[in-house]
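Engineer: Following this message is one structure expressed as C-alpha cells.
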Amino acid sequence: MKISLFEGPQHDRPMLALGLLLMGVSALALQDSMIKLIAPDTTFWQFQAIRSVFNLTFIILLATASIGIRQLWPRRPWPVFLRALMLTCCMIFFFGAAPQISVSQMAAGLYTYPFFITLMAGPFLGEVIGPWRLGALILGMAGAFTVLDPLAEGFRWVQIMPVIAGFFYALNLLILRRWCRNESPLSIAFIVALVFIIFGASGGTIISLLPLEAETRSSVPFLLEAWPQLSLAVLGFCLFASCLNLTGNICLSRAYQTADSSWLAPVDFSYLLFVAIWSRVFYDTWPTPQAATGMAMIALAGGLTAIRERLRRRNIPLDARQK
C-alpha cells in the first residue's frame, strides 16, 4: 500500500498544505531551539553528518514502505541537488552562530527570507516589485534591524549570519516551487540527506586541516571546530533531531508543492511564535519587548506580501484595494 503523502502531487490542495505547514514549522522550531542545548558537546559538522545518516536511514525505510527505493532518485536531479546545496549553505550560517546568539535573533534573521524572495522575484519569475511589495520589504527589513540591533554596543558580527541563512533559504524555496514541484518529498529529502552527509564529513575534515589560531576557532567554535569525541548524549540528540528534521522538511516540501506560496506565507510565520514558546520552555526567557516588536513587524510584512500576491493572482484591480 503506497502512502500518498510521499508521491508526487497531482494538484493543489490548500487546506492540506496549511496543516502540513503548521506541522512542519512546529517540528523545525523545536529542533532549532534545542540546538543551543547540545552545541557545547558537538560541532556543526558532526551534528549535520550524524543527523543526516539517521535521516537517510529513515528515508530508505519509508521509501520501502511507500514509493519504492528506485523512486528515491529524482526525475530532474540537477535542481534537486541545487536546492540541497542552498539548504546546506543555509544550515551553515543558521546553526553556525547558534551558541552565541539568542533563539529570537536566529529566528528573526532566518525569516528575512520572504524579502529576499521579493527581491529575486524579477530574475526568477519575471515579476515587477510594486509599492505593496516594496513597502512590505522595507517593513520587514526594519523588523530584522530592530531584532538584531546592529547599532547596539554589544553587537557581534555573528548576528548577521542568520540573515545570510535567510538568503539561501529563499533560494531553496524558489528552486523548490519552480523546478521541483513534481518530485516526491521523499526523493527531495533523500538528496538533501546525501548532500548534508557529504558536506558534514568533508567540512569537518577541511576545518581540522585549516591552520586557524585557537582564538579564531574559539570565536565560532560550533562552526570552526572539527569532530569532537562522540558521546551517547550527542548521538541520542542527533536521532531525535533527525525525526524532527525529517518530519518538518517533508511536510514543508509537500506543503509548498501543493499550494501557492502566497497562501502559505502568513502561516509560515507561526515559526516565530513556536520559537518564542520553546525559548521559554528550554531557557526560561521570552523575547525582549524590542525583539518581540521586530518579530511582529517581520510577520506583518510577510502577511502583506502574501495578501498582495493573492490579489494579483485573482486579478482584482489593485486601485480598489489600495484606498
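Any read-out appearing in this document is the output of simple, stated calculations on the displayed coordinates, not a laboratory observation. This is a predicted model, so every value here is computed, not measured. Glycine also receives a Cβ, built like all others from the backbone with ideal geometry; neighbour counts cover every protein chain displayed.
Engineer: Test of understanding: what is the full-extension gain from ILE198 to THR57, defined as 0.36 nm times their sequence separation minus their Cα-Cα distance?
Structural biologist: Details: separation 141, 0.36 × 141 = 50.76 nm, distance 1.51 nm.
Gain on extension, ILE198 to THR57, equals 49.3 nm.
Engineer: Further question on the same structure: Between SER219 and ARG178, what is the label-point separation in nm under the 7 Å Cα-to-beta-carbon projection?
Structural biologist: 3.5 nm
Engineer: To continue, here is another question. Give the distance, in whole Å, between the Cα centre of segment 230-245 and the Cα centre of segment 133-200.
Structural biologist: 23 Å
Engineer: Suppose only helical runs count, i.e. DSSP H with n ≥ 4. What mean residue ellipticity at 222 nm does that imply for the chain under -39500 (n - 2.57) per run, divided by all residues and rounded to the nearest 500 deg cm²/dmol? Could you put the intermediate results ahead of the total?
Structural biologist: Working: 14 runs with 234 residues, N = 323.
Theoretical 222 nm ellipticity from helices: -24000 deg cm²/dmol.
Engineer: Measuring from label point to label point, each 7 Å out along Cα→Cβ, what is the LEU210 to LEU273 span in nm?
Structural biologist: Distance between the two pseudo-spin positions: 3.9 nm.
Engineer: Under 10 Å, Cα contacts only: if you run a Gaussian network model on the chain, which one of VAL275, VAL103, VAL267 comes out with the highest mean-square fluctuation?
Structural biologist: VAL267
Engineer: How do the peptides 287-296, 168-177, 150-159, 187-196 rank, highest first, by the average count of neighbouring beta carbon atoms within 10 Å per residue? Write out the running numbers ahead of the final one.
Structural biologist: Values: 287-296: 17.3, 168-177: 21.2, 150-159: 11.4, 187-196: 23.8.
In descending order of packing, they fall as 187-196, 168-177, 287-296, 150-159.
Engineer: By count of other Cβ within 10 Å, fewest leading, how are TRP132, TRP45, TRP73, TRP179 ordered?
Structural biologist: Working: TRP132 19, TRP45 26, TRP73 12, TRP179 15.
Arranged by neighbour count, lowest to highest, TRP132, TRP45, TRP73, TRP179 become TRP73, TRP179, TRP132, TRP45.
Engineer: Compute the Cα gyration tensor for segment 124-195, then decide on rounded, prolate or oblate, letting a ≥ b ≥ c be the square roots of its eigenvalues: rounded whenever a/c is under 1.5, prolate when a/b is larger than b/c in the other cases, and oblate in all that remain. Write out the running numbers ahead of the final one.
Structural biologist: On the way: a/c = 4.12, a/b = 1.46, b/c = 2.82.
Cα axes put segment 124-195 in the oblate bin.
Engineer: Order of ARG76, ARG51 from fewest to most other C-beta atoms within 10 Å? Mind dumping the intermediate values first?
Structural biologist: Working: ARG76 11, ARG51 25.
The fewest-first ordering by Cβ neighbours comes to ARG76, ARG51.
Engineer: If only Cα atoms are counted, what is the Rg of the chain, and what is its Dmax, in Å?
Structural biologist: 19.6, 63
Engineer: What full-extension length gain, to one decimal in nm, is calculated for PHE145 and ARG70 as 0.36 nm per residue of separation minus the Cα-Cα distance? Please list the in-between numbers first.
Structural biologist: Values: separation 75, 0.36 × 75 = 27.00 nm, distance 4.67 nm.
So the chain would gain 22.3 nm between PHE145 and ARG70.
Engineer: May I pose another question? What percent do you get for the relative contact order of segment 4-320 when only Cα pairs under 8 Å and 6+ apart count? Don't skip to the answer; put the middle values down first.
Structural biologist: Details: 470 pairs, mean separation 125.1, N = 317.
About 39 percent, as a whole number.
Engineer: Work out, step by step, the length gained on full extension between LEU18 and LEU134: first 0.36 nm times the residue separation, then minus their alpha carbon distance; give nm to one decimal. Mind dumping the intermediate values first?
Structural biologist: Values: separation 116, 0.36 × 116 = 41.76 nm, distance 2.61 nm.
So the extension gain works out to 39.1 nm.
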